[in-house]
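What follows is a single structure, written as structure tokens, with notes after it.
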Amino acid sequence: MSHSIQLSTPSRTLNLPHSPLHRPLSSFSFRQFPLPSTLKYTSLRASSSPSPDSSSSISTSSLLHSPNGSPAEEKPSSSSPIDVDTVTESELKENGFRSTRRTKLICTIGPATCGFDQLSALAEGGMNVARLNMCHGTRDWHRDVIRSVRRLNEEKGFAVAIMMDTEGSEIHMGNLGGDDASAKAEDGEVWTFTVRAFDASRPQRTISVSYDGFAEDVRVGDELLVDGGMVRFDVIEKIGPDVKCLCTDPGLLLPRANLTFWRDGSLVRERNAMLPTISSKDWLDIDFGIAEGVDFIAVSFVKSAEVINHLKSYLAAHSGGEDIGVIAKIESIDSLTNLEEIILASDGAMVARGDLGAQIPLEQVPAAQQRIVKVCRELNKPVIVASQLLESMIEYPTPTRAEVADVSEAVRQRSDALMLSGESAMGQFPDKALTVLRSVSLRIERWWREEKRYEGTPLQAIGSASSDRISEEICNSASKMANNLGVDAVFVYTKNGHMASLVSRCRPDCPIFAFTNTTSVRRRLNLQWGLIPFRLSFSEDMESNLNKTFSLLKSRGMIKSGDLVIAVSDMLQSIQVMNVP
Ligand SMILES: Nc1ncnc2c1ncn2[C@@H]1O[C@H](COP(=O)(O)OP(=O)(O)OP(=O)(O)O)[C@@H](O)[C@H]1O
Ligand SMILES: CC(=O)C(=O)O
Ligand SMILES: [K+]
Ligand SMILES: [Mg+2]
């Protein structure tokens, strides 16, 4: 197996941006090179109308980016034999199975990354999921981003999923007005927080607040925290709708930043605690998300399982059979109290450390993160670690050592995904921040392998029906065998994705090739640890599925004769171990 990071083409040799093994941790190299056009999306075509399952008649085609080729021909349609993106394909070809990244990467899209070329650069840099924060931007703006990501997937074979993140009804600042992207509050300054809206320009040192009851709920002497303490104020005077506050900890005020107030060292929860988790604006955004076919909806400030169940039944009734995953954002005291029931009801969870750190003392956030990751693992739900992973990279091209250590810890905990927020939405170095996440993930994952620290934790049984229990045991055993035998990959054939998630849950020491027949399941699998999702039409006959897959992947150079593979499927409850013929 070669670990070379050079990709040679007849015309030139270039460094791929996905050079997992050869980038020393101490010197991040950020130069990104585009793939040569001749390597962009390649697809396999049947040479003569083959039967869907015939693997013998499949031949490799060539390259789809002929100078004046017809665009319709170039798109991997659902009728193409297999969908996989160019990045995965080159990684497997050039670096072998072991080097593929297991930890998934999410980028929040904002003004810095909303263009098609910028999104394309993120996808080539390893973005698995694009997050849209409905706190910001118009629906038209979000629609454009969603459509660009869809086009990217169609044109380049990516499976970038879309996650829509609801605004929720917590208290936050309004827009800053005018062209102000941010405002600086200095120590000792007096600022006015007001429930009044201002039409044109914002009066100096004045900030609007989203919650009408703000001026009544807050008291003189309370402490007001912006973004969980990034900026702090003391409430010194109340005048009708205006609340005068003295800045005690200076910092940057960003549009729509979250606000909390504290009294005698505790978070104040007055009437704002009664606000609904999903506001009426959120419901409209959810309808918009359904119409645009988003893959996940992340619910902000979840307090109990009830709201998740409610949303899930709403989606079942309104999304016309499209399965939309519901992600519970753990960012409040209540969500920690009801953690197990919330996660059980959801399709995944996010450790939303930004707001969480505003609700519990900062020093408790790491323990909360560890607990959330563990509970998700046990209950087989994907978990995302979010916020401030590389905060300094909003302004600077390199991360701090502490940030690299924080990212490493999240990878070491084997969380499914890491998320960028401001770094990719409005930072100056979105691609570099993504490169750091990628390099650090790869380096830590490799360290795990070199130390042979396979996941040893026994996993509790989750299913109750006997067929579910059998599937779990098959996946547990297949993963254990994969580690003990040092196989090159686990192949899982899965219609709804469940079997693939059970293999991912075991965190085996090899990549998991997840074959599924629909593009929407393929996108959803892209959030889960270690899964390399392919779309492939397969049948109930495992023998023919395997032959077909071997022949398709071999002809693309993604596997080779002799590779040792373990295969499981949700159609046939068995484990097969074989060398690629
Ligand atoms: N669609 C967007 N349009 C403009 N700015 C954006 C957009 N998305 C994110 N941003 C900017 O990026 C910053 C950080 O991103 P984001 O809002 O996702 O973080 P967050 O405040 O932690 O999320 P949440 O509001 O869910 O707690 C925001 O303060 C905002 O300035
Ligand atoms: C991501 C998010 O919502 C937070 O960290 O608060
Ligand atoms: K949000
Ligand atoms: Mg939040």
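A few remarks follow.
- One quarter of the surface of the convex hull around the alpha-carbon atoms of the stretch 470-513 equals 2.6 nm², the direction-averaged projected area.
- Along the stretch 404-412 the Karplus relation, 6.51 cos²θ - 1.76 cosθ + 1.60 evaluated at θ = phi - 60°, assigns HN-Hα couplings of 4, 5, 5, 4, 4, 5, 5, 5, 4 Hz to successive residues, with x for each Gly and Pro.
- Estimated distance in nm for a label pair at R446 and R263, the labels positioned 7 Å out from Cα along Cα-to-Cβ: 5.5 nm
- Cα-Cα separations in the stretch 183-274 greater than 22 Å, expressed as whole percent: 18 percent
- Taking other C-beta atoms within 10 Å as the exposure proxy, E403, E270 rank E270, E403 from fewest upward.
- When the listed pairs K104/K303; K329/K548; K156/K432; K156/K554 are checked against a 30 Å cut-off, the alpha-carbon distance exceeds it for K329/K548.
- For the stretch 144-149, 3J(HN,Hα) computed residue by residue from phi via the Karplus equation (6.51, -1.76, 1.60; θ = phi - 60°) reads 4, 5, 4, 5, 5, 5 Hz, glycine and proline entered as x.
- One equal scatterer on each Cα of the stretch 466-579, no solvent, Debye formula: the resulting log10 I(q)/I(0) at q = 0.12, 0.17, 0.21 Å⁻¹ is -0.35, -0.74, -1.19.
- Value of Rg to Rh for the stretch 173-217 (Rh from inverse mean 1/r over Cα pairs, i.e. Kirkwood): 0.96
- P(r) tail for the stretch 81-190: Cα pairs beyond 23 Å make up 43% of the total.
- Volume per residue that the Cα convex hull of the stretch 306-425 spans, once the total is divided by residue count, Å³: 114 Å³
- Amide H partners (placed H, <5 Å) of G348, local residues excluded: A328
- One compactness figure for the stretch 376-481 is 1.33, namely its Cα radius of gyration divided by 2.2 N^0.38 Å.
- Pairwise FRET efficiency - K281 versus E237, Cβ, R0 = 30 Å, nearest 0.05: 0.45
- Over the stretch 435-489: Rg over Rh, Cα atoms, Kirkwood Rh: 1.11
- Computed over the Cα atoms of the stretch 248-311, the ratio of the radius of gyration to the Kirkwood radius (Rg/Rh) comes to 1.06.
- Here the spin labels are modelled as points 7 Å beyond Cα on the Cα-Cβ line, and at S464 and R147 they lie 4.7 nm apart.
- Three-way shape call for the stretch 199-351 based on the alpha-carbon gyration tensor, with the a/c threshold at 1.5: prolate
Each reported figure results from applying straightforward, stated rules to the coordinates on display, with no laboratory input. Predicted, not measured: the structure shown is a model, and the values here were computed from it. Methodologically, a virtual Cβ is constructed for each residue, glycine included, from the backbone with ideal geometry; neighbour enumeration extends over all protein chains shown.
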